[in-house]
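K.L.:
Supplied in structure tokens, the structure appears directly below.
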Amino acid sequence: MTLHLDKKPLEQDLTVVDLKKLAYRMRRQIIDMAVSAGGGHIAPALSAVEILISLYFRVLRINPEDPQWPERDRFILSKGHGCCALYAVLAERGFLHRDALKTFCQDGHAMGGHPEYGKIPGVETSTGSLGHGLSIAIGISLAAKNDGNTCRSFVLLGDGECNEGSVWEAAMSASQFQLDNLVAIVDYNKLLATGFIKDVMALEPFAMKWKSFGWEVREVNGHDINEVSRTLNEVPFAEKRPSVVIAHTVKGKGVSYMENNPVWHYRLPNKEELLQAYKELNEGLQSLT
Amino acid sequence: MRNAFIKAVYEQAGKDNRVYMLNADIGVFVFDDFKRDFPKRYINLGVAEANMIGVAAGLVLSGKVPFVYTIAPFVTMRCLEQIRVDVCLQNLNVKIVGVGAGLAYGVLGPTHHAIEDIAIMRALPNITVISPGDPWEAYEATKASVRHEGPVYIRLAKSGEPSLVEHRHNAFQIGKGVTLREGKDATLIATGCMVKNALCVAQKLFCEGINLRVINMHTIKPIDHDIILESARDTGAIFTMEEHSVIGGLGSAVAEVLAEESTEKVQFLRIGFKDTFCEVVGSREYLLAKHGLDVPSVSKMVANSLRGSPVQ
Ligand SMILES: Cc1ncc(C[n+]2csc(CCOP(=O)(O)OP(=O)(O)O)c2C)c(N)n1
């Protein structure tokens, strides 16, 4: 048990190059899951791949053998529609059997287009309706403080999700309660479902908003595993304050025609497009070896 | 149904400059024509449903007729208090439109299913609740909602629903159920996409010697008392069928009328989701079958019930 209480995440012998390779494999996995299911959100998952890899391989104190370990760090995918990336990383990390990914959105299975609590090991709470995750994490963090539990809560939010008023109600209460065991990460890919967020409901000055709500803010390149992990391993950024990492990302990252294109929020590639995606991901992977 | 709604709202906006279209970040491109031709009257509020309803209420207080639109659970339950207080309490002319009725978003899971929305909306004073059975009806309901003074909830499926050609000769009228098929042995009252299934059930049971009347109850509130009582009198048995919980929806609305007003002894059964979320995901068809709401299951349930055998 001392292993779990160590400040570092569970020991992994993977190098950054290994993790970068993993990112390519996960992207392919995400696309394959959605395509074979005939549904699911690809581009929103692609934008969060490096964030999830950093969390699950470099940051979170978790034990796949014991998903209910009381001292584990909690991760909540508040932008639940990005779940293909979560399922893929949970499989990579051993919470799920790889074959389970084949049941994604299949008739009669529990692994749906949004993650559900109690049905998938490693999923800490049901999400899918945007703007809920941060409040739930506050409840978990408050209980941890009261119980002297050293676990931390990490929540991944979408930038569009931050349009929801409930996100800011939660943000206000996290600093009121001095939750330095709470970390929000925003997948700031600059797009929501119907276009660019600056044209629909702008968030800027975004870092200042969080700051004025009492959070300590860092900004990172959300596709740089080193930078994301290093930053997340520095939490809490300030004593008695919640931490937020604004991760600048690209929606659809890794597949050129999906990148920064609002059409791909909820669309599946056709045969030709699929081959093109495979080709680009393969070339990326080759360039690392 | 979504496209029929969008076409109707576009046409209404052309005729009536009070018509506004408010969206909470869904449907990339589907409102492009509206945006191009009525740019000031298209407002995308981002992922913020509660704000959208409040803004709509404010527009009504300044003489506008706003439609608010997003996925059904989010346009009803996410912003329920705004609907109750800002819209219904003040009896304001907001037209609430939810896409993805019932299990239209089957694989996206329970957060995206809408199987309690009718019950919740129906409980609010002043609101009219419409659940169209096909694209034509969605189009007509949208038009009628502009003529109607007061809050309206229109519950749309998604896309690709078959038309129910049978009722084209009937003008759409809020609050008036439509008899789609005559029958004397029992009455099947359905709403939304279940109307099509009800017709299939009737067809199937006809071959087994059971002659069902089928009613399309596109308006759930106000419910058509006359057509319910008349069917009770004529057929002595009423079944309701909806892609919704049996609690508070069409079945409850019909039961209330029968319990309080019918002078006959009527056999009665509600067919819908039995106080449960979907435990697994799947296509709409898969999940309907799993919950006993597909044509074969409903046919069996109705036949058994009429023959006095156990229903399940
Ligand atoms: C409360 C709620 N409203 C609307 C939706 C539908 N919806 C799903 S994803 C999405 C856009 C989210 O954008 P963002 O948070 O930026 O995530 P991204 O896909 O860009 O990563 C919307 C509106 C939802 N799931 N929940």
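K.L.:
Any idea how far apart residue B:80 and residue A:97 come out in nm if each label point goes 7 Å out from Cα toward Cβ?
P.N.:
4.0
K.L.:
For a quick size check, give me the Cα extents of the range B:38-196 along its three principal axes, largest first, whole Å.
P.N.:
The Cα atoms of the range B:38-196 stretch 49, 36, 32 Å along their principal axes.
K.L.:
Here is a further query. Under a point spin-label approximation (7 Å from Cα along Cα-to-Cβ), what is the residue A:226-residue B:40 distance to one decimal in nm?
P.N.:
5.5
K.L.:
Here's another thing I want to ask about it. Excluding residue B:300 itself, what net charge comes from residues whose Cβ is under 12 Å from its Cβ, given Lys and Arg +1 and Asp and Glu -1?
P.N.:
0
K.L.:
Can I ask one more? Chains B and A: how much accessible area gets covered up at their contact, both sides added, probe 1.4 Å, in Å² to the nearest hundred?
P.N.:
Chains B and A together bury approximately 2200 Å².
K.L.:
Further question: Just tell me which aspartates and glutamates come within less than 17 Å, Cα to Cα, of residue A:240; anything on the same chain fewer than 8 places away is out.
P.N.:
Answer for residue A:240, where 17 Å is the Cα cut-off: A:147, A:180, A:216, listed by chain and number.
K.L.:
Could you pull out the pairs from A:20/A:253; A:253/B:158; A:21/A:271; A:119/B:158 whose alpha carbons sit more than 21 Å apart here?
P.N.:
A:253/B:158; A:21/A:271; A:119/B:158
K.L.:
Give the residues of the range A:35-63 whose amide nitrogen is closer than 16 Å to a point set 7 Å from the Cα of residue A:271 in the direction of its Cβ.
P.N.:
What the label zone holds, given the 16 Å backbone N cut-off, is A:36.
K.L.:
Return the inverse of the average 1/r over all pairs of distinct C-alpha atoms in chain A, which is the Kirkwood hydrodynamic radius, in Å to one decimal.
P.N.:
18.9
K.L.:
Express the relative contact order of chain A as a whole percentage, based on alpha carbon pairs under 8 Å and six or more residues apart in sequence.
P.N.:
21
K.L.:
Per-residue Cβ counts within 10 Å, from other chains only, averaged over A:200-213: what number is that?
P.N.:
1
K.L.:
Still on this structure: With +1 assigned to the C-beta of every Lys and Arg and -1 to the C-beta of every Asp and Glu, and no other charges, what is the dipole magnitude of chain B about the Cα centre in debye, to the nearest 20?
P.N.:
About 460 debye.
K.L.:
Provide a whole-number value for the mean count of partner chain Cβ atoms within 10 Å of the Cβ atoms in peptide B:20-30.
P.N.:
4
K.L.:
To continue, here is another question. Rounded to a whole number, what is D in µm²/s for the range B:178-306 from Stokes-Einstein with the Kirkwood radius over alpha-carbon pairs (25 °C, 0.890 mPa s)?
P.N.:
Here the translational diffusion coefficient equals 169 µm²/s.
K.L.:
Using a 1.4 Å probe over the heavy atoms of the protein chains, calculate the carbon and sulfur portion of the accessible area of chain B as a whole percent.
P.N.:
52
K.L.:
Quick one: pull the percent of accessible area on the range A:16-286 belonging to carbon and sulfur, 1.4 Å probe, ligands and nucleic acids left out.
P.N.:
In the range A:16-286, the share of accessible area belonging to carbon and sulfur is 49 percent.
K.L.:
Further question on the same structure: Taking each residue of A:185-193 in turn, how many C-beta atoms of other protein chains fall within 10 Å of its C-beta, and what is the average?
P.N.:
Mean partner-chain Cβ count within 10 Å for A:185-193: 2.
K.L.:
Can you give me the distance in nm between label points at residue A:169 and residue A:238, each placed 7 Å from the Cα along the Cα-to-Cβ direction?
P.N.:
It works out to 2.6 nm between the two label points.
K.L.:
Ok, one more. What's the magnitude of the charge dipole for chain A around its Cα centre, counting Lys and Arg as +1 and Asp and Glu as -1 at the beta-carbon? Answer in Debye, nearest 20.
P.N.:
Roughly 140 debye, rounded to the nearest 20.
K.L.:
Here is a further query. Please compute P(r) over all alpha-carbon pairs of the protein assembly as shown, binned at 20 Å starting from zero, and give each bin as a whole-number percent.
P.N.:
Here the calculated profile for the protein assembly as shown is 20, 48, 28, 4, 0.
K.L.:
Taking the Cα atoms of the range A:1-130, report the difference between the largest and smallest coordinate on each principal axis, in whole Å and largest first.
P.N.:
44, 32, 27
K.L.:
Within a Cβ distance under 14 Å of residue A:263, other residues only, what is the Lys/Arg minus Asp/Glu net charge?
P.N.:
-1
K.L.:
Quick one: which residues, 5 or more positions from residue B:46 or on another chain, have an amide H under 5 Å from its amide H? H modelled 1.01 Å from N in the peptide plane, none for Pro or chain starts.
P.N.:
B:25
K.L.:
Follow-up. For the range B:1-111, what does the convex hull of the Cα positions come to per residue, in cubic angstrom?
P.N.:
Dividing the Cα hull volume of the range B:1-111 by its residue count gives 97 Å³.
K.L.:
Viscosity 1.567 mPa s, temperature 4 °C: give me the Stokes-Einstein translational D for chain B in µm²/s, with Rh taken as the Kirkwood radius over C-alpha pairs.
P.N.:
So the translational diffusion coefficient is about 66 µm²/s.
K.L.:
Antiparallel as a % of all DSSP beta bridges within chain A, to the nearest 5?
P.N.:
Here the antiparallel bridges make up roughly 5 percent for chain A.
K.L.:
Treat the range B:66-129 as a sphere of radius equal to its Kirkwood radius over Cα pairs and apply Stokes-Einstein at 4 °C in a medium of 1.567 mPa s; give the translational diffusion coefficient in µm²/s, rounded to a whole number.
P.N.:
109
K.L.:
Sort the following peptides by mean Cβ neighbour count (other Cβ atoms within 10 Å, averaged over residues), highest first: A:40-53, B:295-308.
P.N.:
A:40-53, B:295-308
K.L.:
Now a separate question. Using a Förster distance of 56 angstrom, determine the FRET efficiency expected from the C-beta separation of residue B:163 and residue A:69, and round it to 0.05.
P.N.:
Efficiency for this residue pair is about 0.50.
K.L.:
I would also like to ask the following. Over the alpha-carbon set of the range A:202-266, work out the extent along each principal axis and list the three values in angstrom, largest first.
P.N.:
43, 28, 16
K.L.:
Turning to a different aspect of this structure: Where does the charge balance sit around residue A:111 when Lys and Arg score +1, Asp and Glu -1, over other residues with C-beta under 13 Å from its C-beta?
P.N.:
With Lys, Arg at +1 and Asp, Glu at -1, the net is -1.
K.L.:
With unit charges on the beta carbons (Lys and Arg positive, Asp and Glu negative) and the dipole taken about the Cα centre of the range B:178-306, which residue among B:282, B:180, B:303 sits farthest to the positive side?
P.N.:
Sorting the options by dipole projection puts first B:282.
K.L.:
Further question on the same structure: Beta carbons within 10 angstrom, averaged per residue: use that to sort the peptides B:5-14, A:145-154, A:268-277, highest first.
P.N.:
Going from most to least packed, we get B:5-14, A:145-154, A:268-277.
The values are calculated or read from the model by the stated rules, or taken from the named source; none is laboratory data. Only a predicted model underlies this, so the values are computations on that prediction, with no experimental measurement involved. Using ideal geometry, Cβ is built from the backbone for each residue, glycine included, and neighbour counts are taken over all protein chains shown. All accessible areas refer to the heavy atoms of the entire protein, side chains included, with ligands and DNA or RNA removed. Shrake-Rupley method; radii C 1.70, N 1.55, O 1.52, S 1.80 Å.
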